[in-house]
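Read the structure below first, then the notes.
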Amino acid sequence: MGELIKIKDVSAKYLISARTLRYYEDMGLIISKRSDDYSYRLYDEATMQRLEQILILRKLNISIKDIQRIFSTSGSEVVLEVLSKKVDAIDEEVSLLHELKKIVLDFIKHIEQTDFAKDSDVKLLYEKAKEIETTIVNVDYNGNPSSVNRLIEVTEKLDKKIPDIIVTRIPNFKAMTTGLVGWDEVFNMGIDKDVKYQELITPIIFDGHDFLYGKGDKVAWIWRVKDGVTEADTQPFEIIEHPGGLYAVAVSVDGDGESHEKVRSKVQKWLESTNFVIDNDREMMGHMIYVDDEIKKGLGYEQMALYAPIKLSDNESVTQIDISYPKKYKKMMHVIPNLHFNGDCIQAIELYKKAFDAETKIILQYADANPEDFIMNDESKKNWIYHSEIVIGNDRLMLSDTREDDLQNNKSLSLLVHFDTSEEIMAAYELLSDGAVIISPMASQTYCAHFASLIDKYGMGWDLMAG
């Protein structure tokens with residue numbers, strides 16, 4: 001097996017989300033690999049080349065359906081056909097823009113020759129407008145013919161670039177929720193398949209029962225429940241009160257992060273022409289419009305309706321609209337775990353890199369430290385770790401070897417790591433279990449699908465949780 005690249009490194013290199021990579025894999029465009037000593041998706045060089053091809057085609061606005069056709073054939077006929085159609089579409093749009101420009105310039109010339117101080121000229125302009133409206137034929141403005149019918153046709157065609165957006169009001173409702181979990185995990189929790197839960201739900205809007213909303217790399221799935229339903233009925237899922245409110249709704253491609261970003265951008269642009277702004281106190285939500293194999297086959301993808309929370313603007317002009325998920329800004333102190341080892345810190349770091357996909361930020365040995373910091377009496381410890389930092393997920397940890405001989409393991413403290421999928425937690429548990437003291441073997445709990453607790457062979461306490 002050649003060199004394999006981690007999913008987070010691929011995401012960072014090409015500035016695409018891990019969710020989009022999984023979507024491309026679900027659509028059969030790329031394939032990931034797995035390693036016995038690593039619990040996350042990996043990609044080989046061939047897949048990276050394929051991904052670059054996909055990204056180029058997507059930048060050209062080639063649809064996923066057409067990309068599937070391109071990769072399903074060995075020759076160049078399909079890609080040439082697709083690109084030729086794209087060139088034709090561009091040519092038509094350029095032609096339409098030129099024609100629209102000419103029509104508008106003709107109107108400008110005529111208006112420039114009108115003296116609005118003279119009632120006769122104003123009346124003449126009005127009569128000319130009525131003539132256009134009545135006859136809907138070619139009207140001559142200073143010898144330049146232009147068709148009102150053609151003007152309408154041109155502008156309607158160009159307007160297809162703007163998303164069809166509706167504004168709707170969702171009533172407040174009571175819902176059961178998965179809470180914020182990983183994207184892979186949320187669809188394996190059974191809330192959409194278990195008959196027990198499906199009997200509790202009722203439509204929110206347009207016959208839809210549910211919404212997804214995300215924060216960072218996590219997502220929550222909420223389902224409206226009928227009146228009288230309690231948490232005793234929905235266990236282990238919590239019941240929340242959703243405030244509802246006004247939303248601007250546009251259609252995107254399910255699972256395609258790039259498509260979502262384009263729709264969000266167009267919604268933002270559209271809002272600038274209204275008296276609405278984004279309501280950052282509520283989350284942007286998504287809803288699968290219809291999960292139907294025939295519709296998916298016809299379109300080449302599944303539709304996702306994006307609901308952007310909006311409210312009436314308090315200001316006459318809005319210079320900037322935040323259409324991202326709500327963020328709360330607050331100055332705060334940070335609590336950073338500092339783990340101490342007895343000469344085996346570097347080995348522990350290597351283990352955590354494999355188990356948690358940890359990223360190393362800095363490693364300093366005692367030999368690298370300033371002599372003024374301490375007196376090194378034991379030369380055999382000069383290669384021990386003086387200071388190191390790693391990142392697990394978004395959290396920073398410090399690790400070092402202590403020079404004290406009386407290091408005692410603290411059994412009252414452990415670090416909890418939450419995983420997105422059962423596959424990831426099982427792989428990490430297997431790696432950490434080697435030489436460890438198992439406090440609680442892997443099992444389901446009332447509050448989660450998977451949980452385990454252990455003290456690894458380096459004396460560190462870990463709680464592992466998923467779901």
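The values are calculated or read from the model by the stated rules, or taken from the named source; none is laboratory data. Just so it is clear, the structure is predicted and the values come from calculations on it, not from any experiment. We place every Cβ from the backbone using ideal geometry, glycine too, and count neighbours over all the protein chains shown.
Per-structure values
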quantity: Hits in the stretch 11-41 (condition: more than 21 Å from residue 262 (Cβ to Cβ), in contact with a helix residue (DSSP H, G or I) (Cβ under 7 Å, 6 or more places away or on another chain) and not in a loop (DSSP other than H, G, I, E, B)); calculated: 38, 39, 40, 41
quantity: So residue 346, is it under 17 Å from residue 432 (Cα atoms) and β-branched (Val, Ile, Thr); calculated: yes
quantity: Residue check for residue 208: surrounded by 13 or more Cβ atoms within 10 Å (Cβ to Cβ), modelled with pLDDT of 55 or more, in the same structural domain as residue 234 (by TED's automatic domain parsing) and within 24 Å of residue 419 (Cβ to Cβ); calculated: no
quantity: Elements of type strands (runs of 3 or more DSSP E) in the stretch 420-467, at least 3 residues being under 19 Å from residue 357 (Cα atoms) and not charged (D, E, K, R); calculated: 448-455, 461-466
quantity: Residue satisfying condition, being over 30 Å from the mean Cα position of the chain (by Cα), crowded, with 17+ Cβ neighbours inside 10 Å, at pLDDT 85 or above and not assigned by TED's automatic domain parsing to the domain that holds residue 185, within set 425, 392, 385; calculated: 385
quantity: Residue list for the stretch 79-104, restricted to those being in contact (Cβ under 8 Å) with a residue 12 or more places away in the chain and either within 27 Å of residue 50 (Cβ to Cβ) or not in a helix (DSSP H, G or I) (or both); calculated: 82, 83, 86
quantity: Residue in the stretch 233-248 that is in contact with a Lys or Arg (Cβ under 8 Å, 6 or more places away or on another chain), within 28 Å of residue 299 (Cβ to Cβ), surrounded by 20 or more Cβ atoms within 10 Å (Cβ to Cβ) and outside the structural domain of residue 61 (by TED's automatic domain parsing) present; calculated: yes
quantity: Test: residue in the stretch 37-51 that is farther than 30 Å from residue 431 by Cβ and exposed (fewer than 12 other Cβ atoms within 10 Å of the Cβ); calculated: yes
quantity: Cβ-Cβ under 9 Å pairs, at least 6 apart or on other chains, the stretch 336-355 side at positive phi, far side part of a helix (DSSP H, G or I); calculated: 343/381
quantity: Residue check for residue 420: of a type in the set (Asp, Glu), closer than 26 Å to residue 42 by Cβ and at pLDDT below 80; calculated: yes
quantity: Residue count, the stretch 10-32 (criterion: of a type in the set (D, E, K, R), over 16 Å from residue 300 (Cα atoms) and loosely packed, with under 14 Cβ neighbours inside 10 Å); calculated: 1
quantity: Test result for residue 226, over 24 Å from residue 23 (Cβ atoms) and of a type in the set (Lys, Arg); calculated: yes
quantity: Whichever residue in the stretch 254-298 is among the basic types (Lys, Arg) and more than 18 Å from the chain's Cα centre (by Cα) and, among such residues, is farthest from residue 242 (Cα to Cα); calculated: 297
